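The values are calculated or read from the model by the stated rules, or taken from the named source; none is laboratory data. Model, not experiment: these values are computed from the prediction. Note that we place each Cβ from the backbone using ideal geometry, even for glycine, and neighbour counts take in every protein chain shown.
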C-alpha cells in the first residue's frame, strides 16, 4: 500500500508542528481519519481498512519513513483498535462505525477491577497511553478482585482482564515530556472507582476472538513485535538515506579527506546491505506466518524466529545509528534537523520494553 504524494507532503509539512505542540496537529489527525489509518486492522464491514497482516505492516513502515512520531501513534492506536475482534460484536458495531474512533491505552497491569455481579469497578493509574489527547476510549489491564480478594485463573495466577472505558470517565495526567516521539502524547491516565459493564471487558487471546476474520486468530505477541519493529525499520531506513545524502554533499564539497570518506561510505554501504537482508528476512517471516495461519499449519517456530529476529534487528539499528551519528557534525545536533528528529525518535522508541533484548 503506497502513500500518495499529497499525503506525503502533509506528513512532511506537519511533522515539526506535531513535535512543537507535543501532540498530533489537526491536519495530521484529519489525514489519519480520511485514510482510516487508525482503523488499519478494523474490518471493512465496520468502516475500517481491513488490511491483512503484511499489507498493514508495509503501510506502517512507510508512515514511519516519513514521520516516526505519527507512525508510532498510528501503530499503537490501530493496535488497540484491533481489540474490536475480542469484544462483544454488537458493541463493536456501535463503536467502530465512527470515523474518529480511537482506542489506546496501556499494556501494563496496574490497577484493580472489583467484580460486582455483571459489572466491575475500576481503580488505578496506568502509564504511557499513546495518543491520549485524541483517544475516544482508553484500554487497560487490571487484576480482578471480588469482595476485596484477588481471583485466580485456571493456572493459579492472579486473574487479569482487559477493559475499555470511554474518554469521559478518564483523568489524563499530562506527564509525557520526552526528547523524542513528542507528538505521540503518551500521557498517563487514571480511573477512580469507575463502574463498567461486563461487555467492556475482554481477553486478548486468539482463541477468544469474537469475530471470524483471520487477523484476530493471529497471536497478539508476534503481531505486536512485528508492528513495533516496522516503525524502527521505517525510521532507520530514512536515517540511512539522509546520511547517504549528507555523505555525498560532504564529498562533493571537497572538504572531506579521501581516506575518511572512503571508510565512511564503506561502513554505510555495509549497513544498507545488512538492512535490506534483515528487512527481507523479517517480512518473509510475516508472509509465511500469515500463509500458515490461513492453511492452519503450525507457526510455533516462525513465531519464535519473529521474537528473536525483531529484537536482534532493533539492537543492530541502535548500534548503527550510534556509529553514524558522529559523522553528522554539529548540524546533526540541531533539534530542527530531520536527522536529529530521527535520532531522538529511534532512541525514545527503544525504551519500549517489548523489543528490548535483555528486558523482554
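With respect to residue 310, determine if the residue is touching a helix residue (DSSP H, G or I) at 6+ places or on another chain (Cβ under 6 Å) and farther than 24 Å from residue 358 by Cα.
no
Could you look through segment 279-298, keep only residues that are more than 22 Å from the chain's Cα centre (by Cα) and in contact (Cβ under 8 Å) with a residue 24 or more places away in the chain, and pick out the one that is surrounded by the most Cβ atoms within 10 Å (Cβ to Cβ)?
293
Here is a list: 68, 85, 50. Which entry is in contact (Cβ under 8 Å) with a residue 24 or more places away in the chain, crowded, with 21+ Cβ neighbours inside 10 Å and more than 17 Å from the chain's Cα centre (by Cα)?
Unique residue meeting the criteria: 85.
Specify which of the listed residues (175, 205) is under 22 Å from residue 26 (Cα atoms) and surrounded by fewer than 13 Cβ atoms within 10 Å (Cβ to Cβ).
175
Report whether or not residue 264 is farther than 19 Å from residue 230 by Cβ and either modelled with pLDDT of 95 or more or in contact with a helix residue (DSSP H, G or I) (Cβ under 8 Å, 6 or more places away or on another chain) (or both).
yes
So, in segment 313-324, of the ones that are buried (at least 18 other Cβ atoms within 10 Å of the Cβ) and over 16 Å from residue 339 (Cα atoms), which residue ends up farthest from the chain's Cα centre (by Cα)?
313
For the structure I just gave you, tell me whether residue 194 is modelled with pLDDT of 95 or more, crowded, with 16+ Cβ neighbours inside 10 Å and not in a helix (DSSP H, G or I).
Against the criterion (modelled with pLDDT of 95 or more, crowded, with 16+ Cβ neighbours inside 10 Å and not in a helix (DSSP H, G or I)), residue 194 qualifies.
Hey, any hits in segment 293-304 for a residue that's modelled with pLDDT of 95 or more and closer than 23 Å to residue 184 by Cβ?
No: zero hits.
Considering segment 1-32 alone, what residues qualify as being in a loop (DSSP other than H, G, I, E, B) and under 22 Å from residue 129 (Cβ atoms)?
If the condition is that a residue be in a loop (DSSP other than H, G, I, E, B) and under 22 Å from residue 129 (Cβ atoms), then 22, 23, 24, 25 are the ones that fit.
So if I check each of 125, 159, 181, 151, which one is out of contact with any helix residue (DSSP H, G or I) (no Cβ under 6 Å at 6 or more places or on another chain), within 30 Å of residue 33 (Cα to Cα) and touching a residue at least 12 places away in the same chain (Cβ under 8 Å)?
Going through 125, 159, 181, 151 in turn, the sole match is 125.
Could you please find all residues in segment 163-177 being more than 12 Å from residue 105 (Cα to Cα) and assigned to a strand (DSSP E or B)?
Residues satisfying the conditions are 171, 173.
Restricting to segment 299-325, give me the number of residues that are within 25 Å of residue 270 (Cβ to Cβ) and in contact (Cβ under 8 Å) with a residue 12 or more places away in the chain.
Number satisfying all stated conditions: 17.
Please work out if residue 310 is at pLDDT 95 or above, within 18 Å of the chain's Cα centre (by Cα) and over 27 Å from residue 16 (Cα atoms).
Spelling it out, residue 310 is indeed at pLDDT 95 or above, within 18 Å of the chain's Cα centre (by Cα) and over 27 Å from residue 16 (Cα atoms).
For residues that are surrounded by fewer than 16 Cβ atoms within 10 Å (Cβ to Cβ) and in a strand (DSSP E or B), scanning just segment 88-118, find the one that is nearest to the chain's Cα centre (by Cα).
Once the filter is applied, the top-ranked residue is 108.
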